[in-house]
Amino acid sequence: MRVLFLVALAAGTQLNPITRVAQLLEGLSKKVELDGKAEQDLYDKYKCWCTKVIDSKSASIDSNGMRISELAAYIDDLTNGRVELTGERAKLEGEIKDLEKAIADAEAMRAKEHEDFLAAKDEMDKAIAALDKAVDVMDKGTNTSLVGVSSELKQALEVGKGFLSQRDVAGLSKVLDVPEVDWKKLNREATFKQQYTARSGKIQDILSDMLQTFTDNRNEAQTSEDTAVENHGKLMTAKKAELSASKQALLDKAGENGARAESLAESEAEKTDLEEIGRASCRERV
């Protein structure tokens, strides 16, 4: 009796097939739901990542495109000389301007110095000629003829005030202030002969000293002029060589061309790299 009860109890607790199938379907449904949710989450994350990557790549492509355009314009400007990378041109143009001004100023100064020399030499030549004539007159003893060159001698005194001795200037000035009638009187009256002879010798000494001084000064002036001409020639040779070198350097522009070549190479390399990146991005999107 007890055995039958236990068998009946065991049979009562056993599930029927329909219930088991229902339970299995219910479990499978929950699993599918959970798997679907997990896949949706994974998809959403992937979609978000893709969107960010695509947006980033699109922005990068746009930025690269703008940079490529900028580089293309810059390369064109470099190639056609519209852009200068150094201050070499301005520096050389400044040097050329300064050299041209220095040459022009030196030429003008030399011309003025030569003009002054010629004027001074002309005055000294005239003074020397007058003194030569006066010395000749005194040597011949024809003292009345000294009056004939008095104006020239006075001019010589005026020219020589800066370098003649005060004694000679005063002595000759005193002689030239004697009227012609007094010279005639000295020649006529025997009582004055001795005094006149002594005075004549003194005048001859003054004239000879003055003639020598004027001659020395004219020679010194000529020597100075010759030296100035030589020095000016050397200066002009040096300045013109500098000017020629600066003008050639402006044509060559070695520093500018070197910087231009380097910048051009870098810009072209960057442009090529960006274009290659752009083409790779396009292939990825396709």
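The values are calculated or read from the model by the stated rules, or taken from the named source; none is laboratory data. Fair warning: this is a prediction, and the values are worked out from it, not measured in the lab. When we count neighbours, we look across all protein chains shown, and the Cβ atoms used for this are built from the backbone with ideal geometry, even at glycine. Note: accessible area is taken over every heavy atom of the protein model, side chains too, but ligands, DNA and RNA are not part of it. Shrake-Rupley method; radii C 1.70, N 1.55, O 1.52, S 1.80 Å.
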>> Given the criteria modelled with pLDDT under 80 and either open to solvent by 60 Å² or more (accessible area, probe 1.4 Å) or of a type in the set (S, T, N, Q) (or both), does Val181 qualify?
In response: yes
> Of the residues Leu6, Leu15, which is in a helix (DSSP H, G or I) and modelled with pLDDT under 75?
Replying inline: Leu6
> Would you call Ala228 open to solvent by less than 40 Å² (accessible area, probe 1.4 Å) and of a type in the set (A, V, I, L, M)?
Replying inline: yes
>> Looking for something among the basic types (Lys, Arg) and modelled with pLDDT under 90 - is there at least one such residue anywhere in segment 70-86?
In response: yes
> In this structure, is Leu92 over 30 Å from Leu243 (Cβ atoms) and open to solvent by less than 30 Å² (accessible area, probe 1.4 Å)?
Replying inline: no
>> Exactly one of these conditions fails for Arg110: (1) open to solvent by less than 60 Å² (accessible area, probe 1.4 Å); (2) under 19 Å from Leu243 (Cβ atoms); (3) without any contact (Cβ under 8 Å) to a residue 60 or more places away in the chain; (4) of a type in the set (D, E, K, R). Give me its number.
In response: (3)
>> Among the residues that make up segment 236-259, is at least one of them open to solvent by 70 Å² or more (accessible area, probe 1.4 Å), outside any loop (DSSP other than H, G, I, E, B) and either modelled with pLDDT under 75 or basic (Lys, Arg) (or both)?
In response: yes
> Among the candidates Leu118, Leu131, which residue alone is open to solvent by 80 Å² or more (accessible area, probe 1.4 Å), at negative phi, at pLDDT 80 or above and aliphatic (A, V, I, L, M)?
Replying inline: Leu118
>> Being β-branched (Val, Ile, Thr) and either at pLDDT below 75 or more than 22 Å from Arg218 (Cα to Cα) (or both) is the filter here; which residues of segment 161-178 pass it?
In response: Val175, Val178
